[in-house]
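Q: Below you'll find the structure I mean.
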Amino acid sequence: MAEAFLMEHYPWFLTTWRQYDPVVLRADALRYFIMLHYGGLYLDLDVECFRLGEDMLDGFDVVLQGSAPGEGVTNGILASAPGHPIWKNAISLLQERANMTLDTMWDVMKKTGPQLVRDALLMLPGVGTGANEDPANPSIGTHELNGTVIKVWPLGTWFEPCFPVQHDCHRELVLNRALGVTPANVVGYHRASATWTTGGNINGINNRIAVQYSIVASIDDRPPALAWVADQPNNDGIFLLPCPLSTWRISQVISASFGAKELHACNASMAFAAAASACLGRSSCFFRDGATQALLGPEAPCPAGVTPKWEVFVTCTPPRLQKEVASWTASPQHLRLLEWREPQDVRIVLMEGAAGSVICPASDWRIDEVPTVSYSSANGTCSSPRTKPAYDSAYAKSAVEAACIGHSSCQLSANSAAMGGDPCPGAPKQLEVRARCVPRHAVFSRGRA
């Protein structure tokens, strides 16, 4: 039906529309043509109406829902008379941005989504300059154009949006509706479940369960929580993403990128697959600083002089809700993207008395073997005679293997008691360990998870 509509009325756009990928681009673009041709009221499928809302439409030719200043408006709720110039602007911008690349899922917002509608609105003469407009978000307000009136309702009015992790927002709206005390200027509720989001355009990330968690969270004070990696690695040199408690599990990767946020072109395409493999089903996950090539491939994701960082957002699920999660593992499609990964050697040297960790590139890797364990004089010479019990190199190796093999990281201490004796009494010593980390596909091929 969509293709038939475009073929009949806008055949010149059909080739571009067919080439859109992911499919959300088609859904975005189609609604602007429908608004231009037919007009009417468009609502996303995750919008719930509390009451009839003609009073919020009366006297206006176009009605839009305001959003955060960075977006301006949402394209999930649109009302319009047919033929309005704002939709001509939107279609013109679709053509201008047809070849825009999508380095992250958020680029959809600009190519066909809410930011495009905002830009189409601000292209209209006089919009953004009125005295009744919010300087921080000039989209909001009442705009007059050639005898037509455009109304952009601010946040908190018309259709209130709540995102999956905004638990208080969901609870307040649902409770107010149940008690019959919904504000008069609120017509409905946009459960902004973001089902359009994708990881590398392979697996749609369905946030409906997260929304349901928020709605029922009043019966349990521990709803799912959003977690993210820090901008900088910790003292162990890892970007750590922990759930609130060890009994919680990461049930969803919402978004993932590696690069410089201000330079979208240097986000690595492998980042979502790497995050899904490393994080799903775990109470915490990590990425080791400096292991970019092992995780994402040999191509540097950012140009020289740019300091990249991980940006990963996940949903952590408490025990009472874990049975509702359909899958705790990365999809086969994502795992296939990572099959090129090769085992990596990790070397650590600790001076006597120090403690340190052997850390694989990420939490979905495992230490498969420890080829080298050496506990010896730090300067290479030993003038003092050995005393009993003599140093047992086999014991040292077995101690390290017991601590490390099968784990994505292990902590070691460089001391004679832990290493099976003193190889050189009175002299400073050091522990050198070389461990081999294998990536997830190799772990599974060996029969370990």
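The values are calculated or read from the model by the stated rules, or taken from the named source; none is laboratory data. From a predicted model like this one, the values you see are computed outputs, not experimental measurements. Glycine gets a Cβ as well: all are built from the backbone with ideal geometry, and neighbour counts include every protein chain shown. What goes into the accessible areas is simple: the full protein's heavy atoms, side chains included, and nothing from ligands, DNA or RNA. Shrake-Rupley method; radii C 1.70, N 1.55, O 1.52, S 1.80 Å.
Q: If I ask for residues that are over 17 Å from Q115 (Cβ atoms) and small (G, A, S), which ones from the range 23-47 would you list?
A: G39, G40
Q: Take the range 88-119 and flag every residue that is open to solvent by 40 Å² or more (accessible area, probe 1.4 Å) and either more than 16 Å from L25 (Cβ to Cβ) or hydroxyl-bearing (S, T, Y) (or both). Break it down into steps so the answer makes sense when it comes.
A: We begin by selecting, within the range 88-119, every residue open to solvent by 40 Å² or more (accessible area, probe 1.4 Å); these are 88, 92, 95-96, 99-103, 106, 110, 115, 118.
K88, S92, T101, R118, listed by residue number.
Q: Got a sec? Which of S139, S92 is in a helix (DSSP H, G or I) and either among the polar types (S, T, N, Q) or farther than 23 Å from A194 by Cα (or both)? I'd like the intermediate steps shown before the answer.
A: Details: S139 fails: in a helix (DSSP H, G or I).
Matching residue, one of S139, S92: S92.
Q: Among the residues of the range 28-38, which ones are open to solvent by 50 Å² or more (accessible area, probe 1.4 Å) and among the aliphatic types (A, V, I, L, M)? Don't jump to the end; show me each part of the working.
A: Start the filter on the range 28-38 by keeping residues that are open to solvent by 50 Å² or more (accessible area, probe 1.4 Å), which leaves 34, 37-38.
Residue satisfying the conditions is I34 alone.
Q: So, in the range 16-43, how many residues would count as being under 29 Å from D103 (Cβ atoms) and not in a helix (DSSP H, G or I)?
A: 5
Q: Taking only pairs six or more apart or across chains, which ones have beta-carbon atoms under 7 Å, a first residue in the range 273-295 that is on the phi > 0 side of the Ramachandran plot and of a type outside the set (S, T, Y), and a second residue that is modelled with pLDDT of 85 or more and open to solvent by less than 20 Å² (accessible area, probe 1.4 Å)?
A: G281/I250
Q: Being assigned to a helix (DSSP H, G or I), within 18 Å of L93 (Cβ to Cβ) and not β-branched (V, I, T) is true for just one of F13, F5. Which residue is that?
A: On the way: F5 fails: within 18 Å of L93 (Cβ to Cβ).
Criteria check complete, one pass: F13.
Q: Looking for something modelled with pLDDT of 95 or more, over 30 Å from A178 (Cα atoms), β-branched (V, I, T) and not in a helix (DSSP H, G or I) - is there at least one such residue anywhere in the range 44-64?
A: yes
Q: Which of (1) of a type in the set (A, V, I, L, M, F, W, C); (2) exposed (fewer than 15 other Cβ atoms within 10 Å of the Cβ); (3) in contact with a Ser or Thr (Cβ under 7 Å, 6 or more places away or on another chain) does F50 not meet, given it meets every other one?
A: Only one criterion is unmet by F50, namely (2).
Q: Any idea which of P85, P22, P69, P11 is under 20 Å from P138 (Cβ atoms) and either surrounded by fewer than 17 Cβ atoms within 10 Å (Cβ to Cβ) or at pLDDT below 95 (or both)?
A: On the way: P85 fails: either surrounded by fewer than 17 Cβ atoms within 10 Å (Cβ to Cβ) or at pLDDT below 95 (or both); P22 fails: under 20 Å from P138 (Cβ atoms); P11 fails: under 20 Å from P138 (Cβ atoms).
Step by step, each of P85, P22, P69, P11 is checked, and only P69 is under 20 Å from P138 (Cβ atoms) and either surrounded by fewer than 17 Cβ atoms within 10 Å (Cβ to Cβ) or at pLDDT below 95 (or both).
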